[in-house]
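No lab work stands behind these numbers, since they all come straight from the coordinates. Because the structure is a prediction, the values reported are computed rather than measured. Here the Cβ positions follow ideal geometry from the backbone for every residue, glycine too, while neighbour counts run over all protein chains shown.
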Amino acid sequence: MAESETDRVIRQGGWFGPRESFDFVLSQLGPDRDEDGKIMIFGAAPCFGIGGQEVAVPGACQISLDGQRVSLAGQLNCTSYGLRNVTIY
């Protein structure tokens, strides 16, 4: 049985790190936004910790970049910020 795109993204692992790093990477990526100016997120949504200083991004979280869905955790895992390839339930 072929692996689904969702299974592949989840297997990739999530990301956990500081809000400042999360915001910086998003500002550099320039994700697509909807008509209300909100970032287009698909799959699982990022979760913010108490006080909003930490962010947990599940492997299944995707954003739209130039009309293509990409793994937000995958993009964050390519940086030196935070903890990479963590499992988030």
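Across the stretch 58-74, coupling constants 3J(HN,Hα) worked out from phi with the 6.51/-1.76/1.60 Karplus curve, θ = phi - 60°, read x, x, 7, 6, 10, 10, 9, 10, 6, x, 10, 7, 9, 6, 5, 4, x Hz, and Gly and Pro carry x. Legend: P(r) of the chain from all alpha carbon pair distances, 10 Å bins from 0, whole percents, reading 18, 52, 27, 3, 0.
Between residue 19 and residue 34, 0.36 nm times their residue separation minus their Cα-Cα distance comes to what? Separation in residues times 0.36 nm, less the Cα-Cα distance, equals 3.2 nm.
Using a Gaussian network model of the chain in which every pair of alpha carbons under 10 angstrom is joined by a spring, one finds that among 73, 60, 44 the greatest mean-square fluctuation is at 44.
The mean sequence distance of close C-alpha pairs (under 8 Å, at least 6 residues apart), as a share of the length of the chain, puts its relative contact order at 38 percent. Across all Cα atoms of the stretch 38-81, the radius of gyration (one decimal) and Dmax (whole number) stand at 10.9, 32 Å.
Residues within the reach of a label modelled at residue 48 (point 7 angstrom out along Cα to beta-carbon, backbone nitrogen below 17 Å), restricted to the stretch 14-36, are 16-27.
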